[in-house]
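Let me begin by presenting the structure, written as structure tokens, before commenting on it.
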Amino acid sequence: MTWFLIILAVLAVVIWKMVGKSSAKQAAKLPDYERGKPRDLDGMSRKDQDFVYTFERQPRADRSAAKFERLKSDPPKPQARSAPTQAPPLPRDVPQMGRPMSPPSRGRWIAPGETIELAGFRYAGGMVYFGKVLEAPRGGGVDNSLIDPSLKVSSGSPDRAGHSMYYWPSYSQIQPQARRAYLEWLAGGRKDPEVGIGYVFLFFYGLERRLFVERVREDFPAIAEEVRRLVSIYGGNGSFHGYANRLLDTLEVMSTQHDVRPALSPDMRVGYEMPMATRIYLGRLLDGGSAFEADDALVWLLGSPETGLRTPATRCFDELVPLWRLRFAERYPNGLKVRAPKSRLKMQYRPASGNFEIDVDVRLGGRELPDVAALSAPLANLHQILDNCTDELGAYSRFLGKNPEGRGTVEAAHLLPKELFASVGGQVAEARQTIEALFEGRSLTTVRTELLLETLGIELPAGAKVNTAMANQVGAFLDRIDIGHEPDRRYGPSGPATGGRVLLFKAAGGAPVDGEAGAYKAARTMLEISAMAAHADGEVAEAEFTAIRTDLRNATGLSEIERARLLAHASILLKDGPRQQSALGRLAKLPDAEKRQAAKSAVAAVLADGHASPTEVKFLEKLYKTLGFPVDDVYASLHRGGVEVDAPVAVSKAEPSRGVPIPERPAPAAPKSNVVEIDAARLERIKAETSAVSSLLADIFVEDTPPPPVPVASPTSGQAAFKGLDEAHGELLAAILSAGSIARGDFDDRARALRLLPDGAIETINEWGFETFDEPVIEDDDDVAVAGHLRSQLEQLEKAA
């Protein structure tokens, strides 16, 4: 009996313990809010005031009595009150009696336009997961991106910078202050550039889940557009930039046909990897044995992690692409053949959230493709072509850097490679059409200077003269459309003048010549003096122009393009005529031998039409007198030429008895005696004296007398004034530095004296400046000067050299 009682007692103890453990387990299964964890309840916001349900924990000693008390009375009702700063502890082991338990709501995707309200924020942007339960795709637990409305949100002091955030943040784990900052960012349109990048990633995790876990294809376009928008705001963060572009790359692979070439962009790389869409497209080409076309090669190059684009390539990408196509075709007229590598292409997407991984099928008909990313040797030649194209766009890029709105203007267009000029629209296209219409099917035409400047969009202030910069701009534009013009200051001492006319003629490249070549200068001098003589009577006969044209055709040592330019120059001189008074005064500066040649050229021009008018004779008298020759020599020359003088002309008022008889009219049978032709031998003599001819060009027909050249000590012969610049460019820079600034006309004269093209010299010096200071050295406007903030550094470099 005793043993029986003992056994019953032991069984009673065991049963009692088992009942206690069962109660504990039931309490452990209760929701958080039943176990004492404070929470905010969705939908409890009224008039911006948060309310929470709370339960007070009873002391352990009173729990037994409480159990019996609840059997006798109604269960306690929760009280609604303002949320305290710190919620009191809530019961963990006491369920509410008489109230059924509702299962937690499952998290779901909120579409754009659907509105949710939480913690005083109203959010209608969608693209988030909202609810209480959403399992992570891998490893269990709650999905990082789920916005659980039951979790506490701080009522103030949001952590906008995300200092409390950790790597791989999860909404369920971040601090209440961080939740408030995240909801604030969402409600603000997801565009605050100063918000911590962790919040952007938290939102991004939900996009990854929607795309690659749930794979709702109808959402692909909107999500891709949203990611691109986020990159435009937060792409400066390297980590986000890489993950976002990998997402877009994978989405493109999943969404498009891979026989379509990826769109060209200066930002095609995905972090340090080649875009998968690029690898698949090029892998198909390699698999089929097709040669790479220009755009295929550029897609490969731009997607390569080894490619770093310089500023001209990124700033002028729209111009880079057509230039690349031209230069690639020159190098590879039949396309680029590439041997397929042995490496095969595989693709796996690893999300930023770390919650899953997916394999993407990139096979072609079940066959693995070659991986172009395994190749590097062919890229070397492609990089060289790209570098050359970038160099060609350097001047154009620098102009756009200073003038962001300058694309499409005439001033910008003439800095482009010539092959791209024809494709420029806007103001350039309109100017090109207007100028072409002036020709009316002919090979040459004339236009007023002011109208030409207006057509090219070059502003000429009232009363101002055409300065050198304007003249060079005119020349650069016309060169691009294969039109030459005269007067052209680049090849002579004067350019287009206000109130004058400009002759336009069709010639390849604008008829470029070496204005310093001896034969060219000599022939130009001859025709200028001849034109001045022919214009003396105010009317130029056709025979006079024919004589000049014949001389130019007979001249030796001239190319066809030089003859074309000289004929154009003669034509404009005969239409407008040089300023005789100033020109005659400058003739006196010539040496004696050159003066005689000038006089002979003038007489030949007068004799060309078979007679000398009183005005022409007066011009010759004035010319001879200016040159210091006896006036009688005029009439002797006329007699030798068999010229008919229209009327007696007094030689000098001091000697009225002296005169020259009018020669008899030549017989009609010999009309050729009325014209004196300047033969090739005489032209050769002129060319032999190129030094004097150059003086004539510089002194007689310039529009304004330039000030004296700026004095500057020349560097020692053979020694450059600046390290990295050759002697001529160094001397030119030293002259500008010494003077502070130089008028553009004087700069051009000094550059030519150093056998340099003015614009090319500026370009060379500024290129040196970019290599030395990472910015241009010369500022070119009406005056040419060095950048003020670089002056001291330049002076030190000059001393060091």
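Please treat every number below as a calculation from the coordinates, not as lab data. Remember, predicted model here, so these are calculated numbers, not experimental data. Using ideal geometry, Cβ is built from the backbone for each residue, glycine included, and neighbour counts are taken over all protein chains shown.
On the basis of the beta-carbon distance and an R0 of 60 Å, D391 and V360 show a calculated FRET efficiency of 0.95. Amide H contacts for F292 (H built 1.01 Å from N in the peptide plane; partners 5 or more residues away or on another chain; cut-off under 5 Å): L336, K337, V338. Within region 376-412, find all residues whose amide N lies under 17 Å from a label point positioned 7 Å from the Cα of E330 along Cα-to-beta-carbon. Hits in region 376-412 for E330 at 17 Å: 381-396.
Were the residues from S232 through R122 laid out at 0.36 nm apart, the gain over their Cα-Cα distance would be 37.1 nm.
Annotation note: chymotrypsin sites (Phe, Trp or Tyr not before Pro) in region 151-200 located in DSSP loop regions with a Cβ neighbour count of at most 15 within 10 Å are Y166, Y167.
Are any of the pairs K402/K799; K465/K600; K521/K600; K191/K402 more than 25 Å apart by Cα-Cα distance, and if so, which? In this structure, K402/K799; K465/K600; K191/K402 lie more than 25 Å apart at Cα. State whether region 119-168 is rounded, prolate or oblate according to the following rule on the C-alpha gyration tensor (a ≥ b ≥ c being the square roots of its eigenvalues): a/c under 1.5 gives rounded; otherwise a/b larger than b/c gives prolate, and the remaining case gives oblate. Judged from the Cα gyration tensor, region 119-168 comes out oblate (a/c at least 1.5, b/c at or above a/b).
Take the Cα of H383, step 7 Å toward its Cβ, do the same at T550, and the gap between the two points is 6.6 nm. Sparsely packed loop sites in region 192-276 (the GluC sites (Glu not before Pro) outside DSSP H, G, I, E and B with at most 14 other Cβ atoms within 10 Å) comprise E194, E214. 7 Å from Cα along Cα→Cβ at both E306 and V216: what's the point-to-point distance in nm? Placing both labels 7 Å beyond Cα along the Cβ direction yields 4.4 nm.
Using Cβ contacts closer than 10 Å as the measure, can you line up R596, R432 from fewest to most?
Fewest-to-most ranking of R596, R432: R596, R432.
Going by neighbour counts of Cβ atoms within 10 Å, the residues W109, W300 line up, fewest first, as W109, W300. Of the trypsin sites (Lys or Arg not before Pro) found in region 305-383, those that fall in a DSSP loop while having at most 15 other beta-carbon atoms within 10 Å are R310, K337, R339, K342, K346, R363. Amide H contacts of V128 (H built 1.01 Å from N, in plane; Pro and chain starts excluded): I110 sit under 5 Å, all sequence-distant by 5 or more or on other chains.
Round to the nearest 0.05 the FRET efficiency obtained for A422 and E459 when R0 = 30 Å and r is the Cβ-Cβ distance.
E between A422 and E459, to the nearest 0.05, is 0.75.
Once label points are set 7 Å from the Cα along Cα→Cβ at both F773 and Q348, what is their separation, rounded to one decimal in nm? Taking the two extended label points, one gets 5.4 nm.
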